[in-house]
Amino acid sequence: MKKVLLIEDDLDLYQLLKYNLERSDFQFAGANTGKGAVELCSKERPDLILLDIMLPDSSGLEICARLRNHCVTAGTPIIFLTARASEADRVMGLELGANDYIVKPFSIRELIARVKVQLRPAEEIATTVLRSGMLELDRSRYRASYNGDPIRLTATEFRLLEFLMSRPGIVFNRGQLLSAVWGSDRSVIHRTVDVYILRLRKKLEAGPYHPQFINSVRGFGYSFNPENMSSANDDAACG
């Protein structure tokens, strides 16, 4: 049973989400204040965090940044819940490390669906390890590493890298990437892809002007460099 942790100061909304998440077979934990939120998340070790941005005693944005820098919660999916609906707010939330951004008011069915989308990678079973040079993506354990050193990726970052890495040399436009990685979530904008590509490059590339793995195709989209691409299954087949 997956555990969802909610940080939300609106008591009515808190109880409504608690009821519906438990009804949807999620284990629930949470708090009505931002104070001690990072420590609570570290203790509970949830599979996903729902985080209100405008808390009375602290900022959800600051909490998100701290969660991303904490060894226990660095890769835990985070969904922002907020009344701030502008594109600038959405982009800022994604740049700080959130996996999704839900604007209030929202339907409970939509929220549950988005939670399930973020948890989907942990429920799928993959068998191959993708490699490109010293970069390795283990799809069975959802781990990424470079030269043996682990790379901390969010669930969405992992899905985006896996999609590109498993199709080397193919150029995908932003709409195709949104459809493949974010599914039918129509609230996600095209610039979201650029934000996540930038985040991946910061974690993978030596420098922004000399991409080794993810290439930009001006006026169209992105592709994964096919050079030195191999997989664990191919290696085994070659004996």
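Has region 78-89 got any residue that is at pLDDT 80 or above, basic (Lys, Arg) and out of contact with any Ser or Thr (no Cβ under 6 Å at 6 or more places or on another chain)?
Checking region 78-89: at least one residue is at pLDDT 80 or above, basic (Lys, Arg) and out of contact with any Ser or Thr (no Cβ under 6 Å at 6 or more places or on another chain).
Looking at (1) among the aromatic types (Phe, Trp, Tyr); (2) part of a loop (DSSP other than H, G, I, E, B); (3) open to solvent by 50 Å² or more (accessible area, probe 1.4 Å), which is the one condition that is false for Phe106?
All conditions are met except number (3).
Scan region 155-179 for residues that are at pLDDT 85 or above, open to solvent by 50 Å² or more (accessible area, probe 1.4 Å) and not in a loop (DSSP other than H, G, I, E, B) and jot them down.
Correct list: Arg174, Gln176.
Which ranges mark the helices (runs of 4 or more DSSP H) fully within region 21-96 that have 2 or more residues being touching a residue at least 60 places away in the same chain (Cβ under 8 Å)?
Fully inside region 21-96 and qualifying: 87-95.
Does Asp52 satisfy the criteria of being open to solvent by less than 30 Å² (accessible area, probe 1.4 Å) and charged (D, E, K, R)?
yes
Just the residues that are β-branched (Val, Ile, Thr) and either within 30 Å of Asp12 (Cα to Cα) or modelled with pLDDT under 90 (or both), please, taken from region 104-154.
The answer is Ile108, Ile112, Val115, Val117, Ile125, Thr127, Thr128, Val129, Thr154.
Using beta carbons and a limit of 7 Å, which pairs, at least six apart or on different chains, have the first residue in region 140-154 and touching a residue at least 60 places away in the same chain (Cβ under 8 Å) and loosely packed, with under 15 Cβ neighbours inside 10 Å and the second one outside any loop (DSSP other than H, G, I, E, B) and not small (Gly, Ala, Ser)?
Pairs found: none.
Kindly indicate the residue of region 7-20 that is assigned to a loop (DSSP other than H, G, I, E, B) and open to solvent by 30 Å² or more (accessible area, probe 1.4 Å) and also farthest from Lys104 (Cα to Cα) among those meeting that condition.
Across region 7-20, the extreme among qualifying residues is Asp9.
With (1) under 23 Å from the mean Cα position of the chain (by Cα); (2) open to solvent by 30 Å² or more (accessible area, probe 1.4 Å) as the list, and Arg23 as the residue in question, which single condition is left unmet?
Tallying (1) under 23 Å from the mean Cα position of the chain (by Cα); (2) open to solvent by 30 Å² or more (accessible area, probe 1.4 Å), Arg23 fails exactly one: (1).
Given (1) farther than 30 Å from Phe106 by Cα; (2) at pLDDT 75 or above; (3) assigned to a helix (DSSP H, G or I); (4) not acidic (Asp, Glu), where does Ala236 come up short, assuming only one miss?
Failed condition: (2).
The values are calculated or read from the model by the stated rules, or taken from the named source; none is laboratory data. All of these numbers come straight from a predicted model, not from anything done at the bench. Note that we place each Cβ from the backbone using ideal geometry, even for glycine, and neighbour counts take in every protein chain shown. Each accessible area value is taken on the protein alone, full model and side chains, heavy atoms only, with ligands, DNA and RNA left out. Shrake-Rupley method; radii C 1.70, N 1.55, O 1.52, S 1.80 Å.
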